[in-house]
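What follows is a single structure, written as C-alpha cells, with notes after it.
The values are calculated or read from the model by the stated rules, or taken from the named source; none is laboratory data. As the structure is a prediction and not an experimental result, all values here were calculated from the model. Every residue, glycine as well, gets a Cβ built from its backbone with ideal geometry; the counts of neighbours run over all protein chains shown. To get the accessible areas, we keep the full protein, side chains included, count just its heavy atoms, and leave off ligands, DNA and RNA. Shrake-Rupley method; radii C 1.70, N 1.55, O 1.52, S 1.80 Å.
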Amino acid sequence: MAGGAREVLTLQLGHFAGFVGAHWWNQQDAALGRTNDAKELPGELCPDVLYRTGQTLHGQDTYTPRLILMDLKGSLSSLKQEGGLYRDKLDAAIAWQGKLTTHKEELCPKNPYLQDLLSAEGVLNSDDIWRVKSIPNGKGALPFTTCKMLTSPTPTEGSIRVWSDFLRVPLHPRSICMIHKYNHDGETGRLEAFGQGESILKEPGYLEELEDRLHFYVEECDYLQGFQILCDLHDGFSGVGAKTTELLQDEYSGRGIIAWGLLPAPYSLGEPQKNIYRLLNTAFGLVHLAAHSSLVCPLSLGGSLGLRPEPPVTFPHLHYDATMPFHCSAVLATALDTLTVPYRLRSSPVSMVHLADMLSFSGKKMVTAGATIPFPSSQSLPDTLMQLGGATPWTPLSACGNPSGTRCFAQSVVLRGIEGARHTSQLTPGTALPSPLHACATGEEVLAQYLQQQQPSAVSSSHLLLTPCKVVPPYPYLFSSSLSQQGLVLDGSPTDAVESIPVFGALCSSSSLHQTLGGLAKELSRLDLRRWASFMAAGVEQDDLEEVLQELYSLAQCYQDSEGLMD
C-alpha cells in the first residue's frame, strides 16, 4: 500500500451495523474529497488504512473500502450484491456459447433521495453505473472527489428503510455476503437468537464464503495490523460475530481484533420475548467477543444493557430521534470515526494491538465509549476545558450508566477539529492565569494536563487533531441552530448549514463495567429458561448459559474499584 499504510479490514455483521457502517463510509468518503481547496489541512489520517486500490476489467482505477459485510435477504433494496462499480465483470464471466436461460426478478425501487444526491454530484450516469474519477492527491482513483453541500432535503423516516438507501460509496464485488437462510423483513424466518447466528458459520457454504473473502483482502495487504468488527449484539448476529472473531483469532494470530458491539435504542417493555432475547444475545455476544478479540466496546445511545429500559442519552447541540436507526447510527458512526483515530493516523500511529494492550491489562478486555458531539469550542481550549470543571466531559455511549464518580483505569482520548490558534491560552501577557491549563505551551500539553487532573491514576493516551469530522448529506441534519458551518457555538443565528464538527471522544477501561456486567449476570440468573425454550432450541444448552454467567461475573470482578486489584 502507498506510504506503507498499516491496513485494517472492516467487517460489518448485521443490519444496524450496516446503518452505522453506511454513515461511517460516507464520512470517510467526504473526508477524501477535501483536497481541491488549497486552504484545507494536510491529511492527518491515512485513508489507505481503510481503503484498497484496484482496477476494473476495463482498466479503470478504483479506490474502495476494504470491507466484508453480512446481512440478511431483503436488506439490500436496490443495491446489487456484486455492487455497480465492477459491472463489467458480469459480462466477462459469460463465456458459454450455447443456449442460455435468464431468470430475472423484479428490482426494488431506488431510494429517490440518494438517486437525486448522487446524480446532482455527477456520480451516477444515466444507467446508474458508478463513475470513476481520479483523486487530486494522486492516490489512484475514487468515484467521489468532492463533497458539496446540496439543497436536497434530508432523508425522512419514510424514505430510509435500509442502510443501502443512503450508502453513497461503491463497494467491491467481494464485500457483500448475503445470508439467504433468514429474512430481514417479515415476522417469520428472522435471525433472532445467538445459537442461530453461531450455526450459520458452522455450515460449510457460509464459512467457506467468509474464508474466501478474508483471504482475498488479507493476501493483498503489505502490513495488516488487524480487523475492526461492527457487530449487532441484540439479535442472532451476536452469534455470527462470536464465530467470526473465533475464526480470526485462529487464522490470524497476533493481529489486532477490535469488536464494536452495536445496540439500537430504545426498546419497549411491551415486547417481552424480544427483550429477553435481546438480553440473552447481548450477554452471550459480549462474553464470546471478549474471549476472542483484543478489545470489545459496546456502542449504544440507550441507557442500559439490561431488561429495564432507560432514556436514551442526550447531547446539548444535537436533536435526534432515538426511534430512527438512521439518526442513532449517524451519531454512533461519528463517535466511531473519532475513537478509531489512533490506528488510522498518517504520522506516528498507534497500532490496534498496542491500543488494545494499553486499555486491556489485567483481563480488562472490555471498554466503554463516550463522546462530546459536537465539542463546544467557541473559546480557547484551556478556557473550554476549565468551564467543564470536574464533570465527565463526554456523553456515555456504551449503555453502562453515568460514568461520573467512577474510576478510569486506562483511557484513549481524541480531540479533533479545533483550529491551532485556539489550542493554547489567548490571554494577554502578564494576566494572571486562571488555571494550570493556561500555562501549557501546546494543545497536546493542555489535553494531557486536563486528563491528568480528571483521572490522576489512569494510564492515558491522547491525540489532538486539526481535522474535523465531516457531516455532509446524506448525514441527517441533527444540529441546533446555534452552530456555525464548522460546528462552532455562536451567539447569533448562522446562515450556512453545518458541514463539519469538532468531536471529543474517549475509550475508557472503567469501574462502571463492574456494576454493568454484574447486573447483566444477575438478570440472566433470574430468568426461567423453561419459558424461553425457543432460544435454547436454536443451539444453546443450559451448560452454555452457566458458562456465560460465570464469565460475566469474572469480567465484572476485573473492574472492581480496588487498589489491590490494580496493584
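The residues of the range 177-295 expose on average 36 square angstrom of accessible surface per residue, using a 1.4 Å probe on protein heavy atoms. Using the Cβ atoms and a cut-off under 12 Å, what net charge is assigned to the surroundings of Asp337, where Lys and Arg are +1 and Asp and Glu are -1? It works out to a net charge of +2.
If you sort Ser512, Ser348, Ser462 by accessible surface, 1.4 Å probe, largest first, the order is Ser348, Ser462, Ser512.
On the accessible surface of the range 258-403, probed at 1.4 Å, how many percent belong to carbon and sulfur atoms?
Values: 2520 of 4450 Å².
Carbon and sulfur atoms account for 57 percent of the accessible area of the range 258-403.
Considering only protein heavy atoms, what per residue accessible area in square angstrom results for the range 438-477 with a 1.4 angstrom probe?
Working: 1570 Å² over 40 residues.
I get 39 Å² per residue for the range 438-477.
If a/c stays under 1.5 just call it rounded; otherwise compare a/b with b/c (prolate if a/b is bigger, oblate if not). Do that for the range 394-482, with a ≥ b ≥ c from the square roots of the Cα gyration tensor eigenvalues. Verdict is oblate for the range 394-482.
For the range 324-471, the residue among Pro376, Met352, Gly405 whose Cα projects farthest onto the positive side of the dipole built from Cβ charges is Met352. Of Leu72, Leu490, the order by accessible heavy-atom surface (1.4 Å probe, DNA, RNA and ligands excluded), from most exposed downward, is Leu490, Leu72.
Ligands, DNA and RNA aside, Glu211 has an accessible area near 50 Å² when probed at 1.4 Å. For Arg6, Arg168, the ranking by accessible surface with the largest value first comes to Arg6, Arg168, using a 1.4 Å probe. From the largest down, the range 169-214 spans 31, 26, 14 angstrom on the principal axes of its Cα atoms.
Here, P(r) means the percent of Cα pairs in each 5 Å bin from 0 to the largest distance; for the range 418-567 it is 1, 7, 10, 10, 10, 10, 11, 10, 10, 8, 5, 3, 1, 1, 0. Neighbours of Ile200, meaning other residues whose beta-carbon lies under 9 angstrom from its beta-carbon, give a summed charge of +1 when Lys and Arg score +1 and Asp and Glu score -1. The label-point distance for His319 and Tyr553, in a model that sets each label 7 Å from Cα toward Cβ, rounds to 4.9 nm. In units of the rule-of-thumb radius 2.2 N^0.38 Å, the range 450-502 shows an alpha carbon radius of gyration of 1.55. Note on the range 219-368: Rg/Rh from Cα positions, Kirkwood definition for Rh, rounded to two decimals, is 0.99. Taking Rh as the Kirkwood radius, which is the inverse of the mean 1/r over Cα pairs, what is the Rg/Rh value for the range 279-403? So for the range 279-403, dividing Rg by the Kirkwood Rh gives 0.98.
Using a 1.4 Å probe on the protein heavy atoms, what percent of the accessible area of the range 411-565 belongs to carbon and sulfur?
Roughly 47 percent, rounded to a whole number.
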